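Okay, structure first, notes after.
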Amino acid sequence: MLNIDSLKQRGLSILRLSVGDWLELQETRALGHRFTSVFPHRVARAGKTRASVLMVISGGPIPDDDIFGDAPEAHAAPHMKLGWVRSIQAVATRDSRVAFDHIQSVVPQDLSHLIGDAIPTRLRSSADRLLASGLEFEEVSPKLAEWLLERLAAEPDNLTAFRRLLGLVRRPTRYRNAIALQEDALVLALKAFGAPNAAASSLAIGERVTALAGARLQEDVVIEHDARWIPDWTLDSSDVTGRAVFTQGREELQVFTANKQPLEQLFGVDLIYLNETRRSIVMVQYKMMEPLERSVRDVETGLGIFREKDEQEWVVPVDKQFRDEMARMARFDKTLGEPDSYRMTPSPFFFKLVRRYGETGGAGILLSLGHLKQMLAEGRLDGPRGGLRIAYSELKGHYLRGETFVDLVRSGYVGSHSATTDHLQALIDVTLSEGRAAVAAIQRALPDPR
C-alpha cells in the first residue's frame, strides 16, 4: 500500500470545470497539463501551495462552432484529473493567480462515484455538501480530504499519478542528501541538451524516489516499471528508478535514474552524459561542501573596536572512498579510440561542489579532475582531517561556472573521445557498485523521417 501521509497532511482542494473550459485549456500551448486561473483572494485561499487538487470536469454537450447547426450534437462524459497547486500569487488588489501543474487523469470518472456508498457515516454530511456545492474552487474539509485521497490512491490505475505527486512533495529546497543532488544533475543534463524547460515525450517511474517524478509531460501518459525501460542493457531493472525521453528538433535525450539503495540513504550522485553526436562522455561527480566554523576577530578602528567574522570557508572531505573514486577515474581517464574531433581536454571527469544546506539551484563550483588533483598536491588548501578547504577568495574565480560548463559539454569541447553506450554502461555499473546514485543521459540524433 502506497504511503501518502505526506500528501494528506497538505490537504486537498476541488476545482470544477465545465466541458467547454476544459476543451479550451486543451487548446493552449501546455495542452491542459498546466494552466493558471484568477480568483478573488478569498476564493484563491481554498488552495494551498504544494498540495493536491482534484479537478472535476463536467460532462455535457460539446460547444459547436458550426454556425449552420448541421453537425450532430456531441457529448463529453464527466471525468476527473488530479493535479498540483504550484503557486498562489496576488496579481491585483482583489485577485490572486493560482497555478495548477502536473495534471493527470484518475479514476473513477466523477466525484459521486468516488464517494459512492462507502463513505463513513461521520463524513456523510461533509460529502453531501461537497456534492451539492457549485463553487468553482473550494477547500475540502481535512478529514474528508484524507478519505478521498486514500480512496483515490487505492485504485491501481492511480498509483503512478500519486507517485508523481509524492515526488513533488519530497522535492528538496536545500542540499541535504542525494535527492537534491539528483534533481540538480537532471537540470544540468537538460541544460547540456539545450532544452532546460523541455517536457518529456515519455516517462516511466518506479516505486523509489526519482527526480524524474516531477518532469513535465507532453502527453498525459506515465508508464509503470517495465522491462522496456532499458532495452539491450545488462543493468538490473530493479536498480532503475525512472526513465524519461526529451526531444528538441532532430535530437533526443534519454535520461535514466538508478540507485541500488534508497535515494534518501545516499549522499553521492554521478551524472554521466553520453553525446553520441559528438562521440563523447562527460561525467560529473557531486560532492557536498561542509561549512567550517567561522572565526571571529576584533578589528580596531578610530571609532572603536568592532567584531568581524572571517569569510565563510567550506571543506570537502577527502577520505579513503574519495581517493578510491579518483583512482577509478584515473583508470577510465584515457582516450577511447582515435580522436575524431578537437577537445580542450579529453578527460571526461569533473566534480561539482555544492554547499550542504545551501539552496538548491545554486551555482556551485565545477572543477576538472586534473585541477582537483593539482589543488590536493599543492597542499595550499588543506582542510581538517585531510579534506580540501574551499574559500572563494583564494580560488579567485579559478573554476568553472555552471553555464560555461554547459556550453563546453554541449559543443563537445570537453569529454572523452569515441564514447559508446558500452563505456556509459561501465561507468554506471561502477557508480552503482560504489553506493552512489546515477543519472545517465544519452543524447542522440533522431533518424531522418524520409
List the strands (runs of 3 or more DSSP E) inside region 240-322, counting only whole elements, that have at least 2 residues being more than 21 Å from Arg174 (Cα to Cα). 240-248, 251-258, 269-275, 280-291, 296-301, 304-309
Top-ranked residue of region 184-227 - restricted to ones that are under 12 Å from the mean Cα position of the chain (by Cα) and among the polar types (S, T, N, Q), ranked as modelled with the highest pLDDT: Thr210
So if I check each of Arg331, Arg323, which one is out of contact with any Lys or Arg (no Cβ under 8 Å at 6 or more places or on another chain), surrounded by 12 or more Cβ atoms within 10 Å (Cβ to Cβ) and farther than 18 Å from Ala391 by Cβ? Arg323
Out of everything in region 357-379 that is in a loop (DSSP other than H, G, I, E, B) and of a type in the set (Ser, Thr, Tyr), what residue ends up being surrounded by the most Cβ atoms within 10 Å (Cβ to Cβ)? Thr360
Of residues in region 1-36 being surrounded by fewer than 18 Cβ atoms within 10 Å (Cβ to Cβ) and of a type in the set (Ser, Thr, Tyr), the one modelled with the lowest pLDDT: Thr28
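Here is a yes/no grid of residues against (1) farther than 29 Å from Gly242 by Cα; (2) part of a helix (DSSP H, G or I):
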position	(1), (2)
Ser126	yes, yes
Lys143	yes, yes
Leu148	no, yes
Ala161	no, yes
Val187	no, yes
Lys191	no, yes
Leu203	no, no
Glu219	no, no
Check Gly387, Gly415 and return the single one that is at pLDDT 85 or above, assigned by TED's automatic domain parsing to the domain that holds Gln285 and touching a strand residue (DSSP E or B) at 6+ places or on another chain (Cβ under 7 Å). Gly415
Taking helices (runs of 4 or more DSSP H) that fall entirely within region 1-119, which contain at least 1 residues that are more than 22 Å from Arg164 (Cα to Cα)? 19-26, 41-44, 111-115
So which pairs qualify, if the first residue must be in region 420-436 and in the same structural domain as Asn275 (by TED's automatic domain parsing), the second must be among the polar types (S, T, N, Q) and part of a helix (DSSP H, G or I), the Cβ gap must be under 8 Å, and the two must be at least 6 apart or on different chains? Glu434/Gln321
Test Phe349 against the stated conditions and say whether it is at pLDDT 85 or above and under 20 Å from Lys320 (Cβ atoms). yes
For region 241-263, how many residues are within 15 Å of the chain's Cα centre (by Cα) and under 21 Å from Phe351 (Cα atoms)? 5
I'd like the full set of residues that are part of a loop (DSSP other than H, G, I, E, B) and aliphatic (A, V, I, L, M), limited to region 380-402. Leu381, Ala391
Of all residues in region 199-218, which are touching a Ser or Thr at 6+ places or on another chain (Cβ under 9 Å) and surrounded by fewer than 18 Cβ atoms within 10 Å (Cβ to Cβ)? Ser201, Glu207, Gln218
Pick out the one residue from Arg389, Arg436, Arg410 that is surrounded by 13 or more Cβ atoms within 10 Å (Cβ to Cβ), closer than 15 Å to Trp314 by Cβ and not hydrophobic (A, V, I, L, M, F, W, C). Arg389
Is it the case that Leu152 is touching a helix residue (DSSP H, G or I) at 6+ places or on another chain (Cβ under 9 Å), closer than 24 Å to Ser6 by Cβ and in contact (Cβ under 8 Å) with a residue 60 or more places away in the chain? yes
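The values are calculated or read from the model by the stated rules, or taken from the named source; none is laboratory data. All values reported here derive from a predicted model rather than from experimental measurement. Counting neighbours? That spans all protein chains shown, and the Cβs are built from the backbone with ideal geometry, glycine included.
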